[in-house]
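Okay, structure first, notes after.
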Amino acid sequence: MENNTNKRVLITGANGAMAKETIKHLIKHGYNNIVMAVRTKHKGEIAKREILQSVKFDQSLRLAVIDGFDMNHPEEIRKAVQKIDKTEPFDIVFLAAGFAVFSDNYEFITYKNTRFEKTVFQNLIGSHIVYVQLKRNELLSKTARIVMAGGEGARGISGMIKKPHFESKKSLMDYIHLKSESLPKYNPMNAIGVSKFVGGLWVKKLAEIEPNLEVVWFSPGLTSGSSGLKNLPKVKQTVFKLMFGMMNFLGKSQSPQKGGEKYADCLMGNIGKSGELIGAPEGKTLGGYTEQTPMNSDLEKIELREILWNSLTIFNA
Ligand SMILES: NC(=O)c1ccc[n+]([C@@H]2O[C@H](COP(=O)([O-])OP(=O)(O)OC[C@H]3O[C@@H](n4cnc5c(N)ncnc54)[C@H](OP(=O)(O)O)[C@@H]3O)[C@@H](O)[C@H]2O)c1
């Protein structure tokens, strides 16, 4: 077993399919100080049991479950960070919490009298608040590696997710605040694409202003087994199951074990440099690690990055 005992790791959405597998790989690689940041205590405890039943570990392992990390509730996140033992800062942070919002229409979260599109909130804004609170509480080591769960939807996936495109700062803000009367009809997959797109802008900005940190956006490629799908009606669950069965068979998606192994590799610093957005090659849902930015030129628009970052300052309290 490698010795990585001096590194402390925080993982949000830690009871998720890929996060659990990531944790198993980290333990195999000698990481023995991991905080599972979850929104529901009992789900976190079940996940912890499952992890401990399937890996070898020694007495030095500290695998803590801390609840309250609900990405749609800024105040809950602030309280949850307060519950973390402050003796050591985190060296590695995996922002893995999030999922699609399956609904017929746009949903939103209201914060300080302002509306925010819900998929963007739970995939990006909650993570931003986690980062801010870790920093504020001196829980982030000066050279920490932060990995944001990405997704190829940020540059579009033909036949599955429309390429996110924002003509101007105004069009991005109108989308996030659901202001525009010309918003496209709500589509949960397109919405997750936009949430991963803004995650990419966020990573680029954070990497720029925090040169001592390593901030990487990473997708291991399309992966089956997401626990969030279990909340769908039975018919839709079956459709997704069949679709993933077929895609796994065709090599277009992979198991959560494989996805988790790749995330662990990224967390350990083996994939991705600061500011990079790494995912599958153009036109593919799975494959060699490839920078995503050239696949959607909007990811390079500095004005989008700036307006997004400025719009997040209301969460910095
Ligand atoms: N599956 C893929 O093809 C794929 C590919 C690339 C990247 N990703 C990204 O990788 C991450 C993990 O994906 P996965 O497939 O492992 O999904 P998953 O099994 O559904 O796990 C998602 C996790 O996020 C948590 N979560 C969802 N909404 C939340 C909220 N509002 N507040 C707090 N926690 C919330 C869930 O907690 P609860 O159990 O409490 O709901 C769960 O722990 C996601 O960010 C996903 O977008 C997925």
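Test Gly288 against the criterion of being within 14 Å of the ligand (Cβ to nearest atom), farther than 30 Å from Lys169 by Cα and surrounded by fewer than 20 Cβ atoms within 10 Å (Cβ to Cβ), and give yes or no.
No, not satisfied.
Is it the case, given these coordinates, that Asp91 is modelled with pLDDT under 95 and more than 16 Å from the ligand (Cβ to nearest atom)?
no
Got a number for residues in segment 49-69 being farther than 18 Å from Lys7 by Cα and of a type in the set (D, E, K, R)?
4
If only one of Ser311, Ser253 is in contact (Cβ under 8 Å) with a residue 12 or more places away in the chain, hydroxyl-bearing (Ser, Thr, Tyr) and closer than 19 Å to Ala149 by Cα, which one is it?
The conditions single out Ser253.
Please state which one of Ile84, Ile146, Ile109 is over 13 Å from the mean Cα position of the chain (by Cα) and within 15 Å of the ligand (Cβ to nearest atom).
Exactly one of Ile84, Ile146, Ile109 is over 13 Å from the mean Cα position of the chain (by Cα) and within 15 Å of the ligand (Cβ to nearest atom), namely Ile109.
Which of the residues belonging to segment 16-39 are over 20 Å from Ser219 (Cβ atoms) and in a loop (DSSP other than H, G, I, E, B)?
Those that are over 20 Å from Ser219 (Cβ atoms) and in a loop (DSSP other than H, G, I, E, B): His29, Gly30, Tyr31, Asn32, Val38, Arg39.
Do we find that Gly153 is within 14 Å of the ligand (Cβ to nearest atom) and either within 30 Å of Met268 (Cα to Cα) or surrounded by fewer than 19 Cβ atoms within 10 Å (Cβ to Cβ) (or both) in this structure?
yes
Residue by residue through segment 259-317, note down the ones that are over 19 Å from the mean Cα position of the chain (by Cα) and at positive phi.
Gly283, Gly287
Which of (1) at pLDDT 95 or above; (2) part of a loop (DSSP other than H, G, I, E, B); (3) acidic (Asp, Glu) is the odd one out, the single condition Glu45 does not satisfy?
Unmet condition: (2).
Can you find, within segment 5-30, the residue that is surrounded by the fewest Cβ atoms within 10 Å (Cβ to Cβ) among those that are under 14 Å from Asp58 (Cα atoms) and either within 16 Å of the ligand (Cβ to nearest atom) or in contact (Cβ under 8 Å) with a residue 60 or more places away in the chain (or both)?
The extreme case among them is His29.
Going through segment 112-140 one residue at a time, which ones are away from the ligand (no atom under 15 Å from the Cβ) and either part of a loop (DSSP other than H, G, I, E, B) or free of Cβ contacts under 8 Å to residues at least 60 places away in the same chain (or both)?
Hits for segment 112-140 are Lys112, Asn113, Lys135, Arg136, Asn137, Glu138, Leu139.
The values are calculated or read from the model by the stated rules, or taken from the named source; none is laboratory data. This structure is a prediction, so every number in the text was calculated from the model and none was measured. Glycine gets a Cβ as well: all are built from the backbone with ideal geometry, and neighbour counts include every protein chain shown.
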